[in-house]
Structure formats: C-alpha cells, structure tokens
1. Between ARG19 and ASP260, what length comes free when the chain is fully extended (0.36 nm per residue of separation minus the Cα-Cα distance, one decimal in nm)?
2. If you take the square roots of the eigenvalues of the alpha-carbon gyration tensor of the chain and sort them as a ≥ b ≥ c, do you get rounded (a/c under 1.5), prolate (a/b over b/c) or oblate?
3. Using the Karplus curve 6.51 cos²θ - 1.76 cosθ + 1.60 with θ = phi - 60°, work out ³J(HN,Hα) for each residue of the stretch 153-163 in order, rounded to whole Hz, and write x for Gly and Pro.
4. Pulled fully out, how much extra length does the chain show between ARG274 and SER224, if you take 0.36 nm times their separation in residues and subtract their Cα-Cα distance?
5. Mind checking which of LEU113, ASN78, VAL255 is farthest towards the positive end of the chain's charge dipole, using Cβ charges of +1 (Lys, Arg) and -1 (Asp, Glu) about the Cα centre?
6. In terms of the ratio Rg/(2.2 N^0.38 Å) built on C-alpha atoms, what value belongs to the stretch 6-66?
7. Only helical DSSP H runs with n ≥ 4 go in: add -39500 (n - 2.57) per run for the chain, normalise by residue count and round the 222 nm mean residue ellipticity to 500 deg cm²/dmol.
8. In whole Hz and in residue order, list the ³J(HN,Hα) couplings for the stretch 210-223 that follow from phi through the Karplus curve 6.51 cos²θ - 1.76 cosθ + 1.60, θ = phi - 60°; x for Gly and Pro.
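Every read-out reported here was derived from the displayed coordinates using simple, explicitly stated rules and does not represent laboratory data. Remember, it's a predicted structure, so these values are computed and weren't measured experimentally. Here the Cβ positions follow ideal geometry from the backbone for every residue, glycine too, while neighbour counts run over all protein chains shown.
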Amino acid sequence: MTAPDSWFDVSRFDEARRRRNVHWGAPLAVLETATSTNDLALEAERSGAPEGATFVAREQTRGRGRRGNTWWAPPGDNLTCSLLLRPELDAKTIAALPLVVGLAVREVVARRLERPDALFPAPPVLVKWPNDVLVESRKIAGVLVESRLRLEAVSAAIVGIGLNVRTRVFPEELAGRATSLARELRDRRAASAARGTTEELPAFEELLAELLASLERRYARFRSDGLASFLAELDVCDALRGRPVRVDGLVGIAVGIAADGALRLVDDAGTEHRAHAGHVELLDPR
Ligand code: BTN
C-alpha cells in the first residue's frame, strides 16, 4: 500500500532529487507499513530491481539493527529507508561500506545542525565505528548494510538507514543514548521563535534526496578508490579516536580506522590490533 501524500509526497521528492541531480531514488516505493525496508529491498533485488531503487516506510513492524538488535522508530516520526546497490566488489571491500554511508548521513545531519547561530554553536556530529552517527555522544542514525554474494563478489548490497527526525521522547532504555533532529534543533528553534523567525524541521522528501545525493557522490569514489580516499574525512569526525574501548576480546585506545575499515586499537604494551567486526564498549563512558 502506498503511504498518504501528507506523509511523503513523491512529486516533492522527485523535484528535490532533480534539483540535486541525484540518479538514485528511482524506482521508489513508499509504504505505509513494512516489516523492514531492508526486506523490501532484498525482495526487489531478487526480482531484478536496478541499482538506486529506494524503499521508504512510515512504519516498520520488524525494523532491525546490527547484531540482531531491533530498530525502534515510532510510525511517521523518523526516516526509515533502504537503497539497493549492485556494487560487484569483493566482500572484504564491501565491509567498509557502512563507514562511507555513515559519512554521507553525517554530512546531512551536520548541515542541518551547523547553521551559524551565535547563541547555540553547532554540536559535533561524529561517526562511530562501524555504523553509527552521533551528535556528541547520542546516536541520531544507524546504518545496516546487508549483502548478497554471487561467487566471490557482492552482487547486491542493501543499505538501510534509520535517521531520527521527529522523535522527542525516547523509551527508557534509549533515553540518554539517542537523539533526533527535533531534539537537537529544539533550543535553536526556541531562539528563532524569540527572534520572530522559524526554523522548521526538514521534510522527509528533502532529507532523503540529500542523503542520496551525499551517498551517490561518495559511492562512486568508494568503488574506484576504496575506503583509503575517505580516511582523512573519517579522521576528523571519528567518535572513538583517543578513547579507551573494548571490542569483543580486544582492549585498547582507539587510534583511527584502517584502509580496510578495521578499527585500530593500541593496547597498554603499545601493540596495535585491528578489530574487523564486533560491538564497541566505551571504557570511559561520557
Ligand atoms: C543499527 O544501528 O544497528 C542499524 C540500524 C538500521 C536501521 C534501518 S531503518 C531502515 C532499515 N530497515 C531496517 O530494518 N533497518 C534499517
């Protein structure tokens, strides 16, 4: 079923795409309810949908995150979308794709928060290895990439993005760890209102077009040059750099990200280790 226009206006999205010269986002499926937009994209992949096909749902009944986690998003509050890519790269290279997606999402969030405003300086928007976007220490977006292999190559990668937009109150287990554009813009909006101006939340159509534009640009570079060409960008927005962490069995100070997407850690003895996957536990929670 297609969602009502009031929630997501397809012609407004097409106009926003055209303005930014974005190719992805077509075909587009906008649903009122789905189990998960990643499921929609996986099904479409099986039926031969092209690269750039995009899926948006107002509500997910089984939205999922990494490592079997549930992705919580109240219906209509947040942007939950998936994009079908057909990268034909090897599985090792694709392992770094979530970081590139994270940089694209970060750019969109930062642009929305980094408006010049002397009263409220912009908070730092960071990428937390391997797949989170944070505002200061709170998560505003998550990325879930699910790949399909043919022989040794990844024939399809489903890029799922959940971006918190309108949620102001999070359930107890997420409170203190999650945020949204609405929460981050709240103080700014109060200040704007006091000055007689308004700073509205961005529309979903604009946000999705911006996200696709930001990712489309980076993806071309990722395919030709790999993650190496993003290391400088990652370096300046790395949420873990300089912090003590535990990643599964490894403990050390995070010192950056390697060209293959691994997290670099230096232990007490000064030896460098690399974590290729796993859950990051911060040992100096802020
Ligand atoms: C994470 O932080 O663990 C990743 C969260 C990814 C959530 C998005 S929402 C759209 C897409 N559909 C899903 O079921 N998951 C991703």
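1. 83.3 nm
2. Note, shape of the chain comes out oblate.
3. Here the 3J(HN,Hα) series is 9, 7, 7, 8, 10, 9, 9, x, 10, x, 10 Hz.
4. Extra length available between ARG274 and SER224 comes to 15.6 nm.
5. It is LEU113.
6. After normalising by residue count via 2.2 N^0.38 Å, the value is 1.18.
7. -9000 deg cm²/dmol
8. 5, 4, 5, 4, 5, 6, 4, 4, 6, 4, 4, 5, 4, 5
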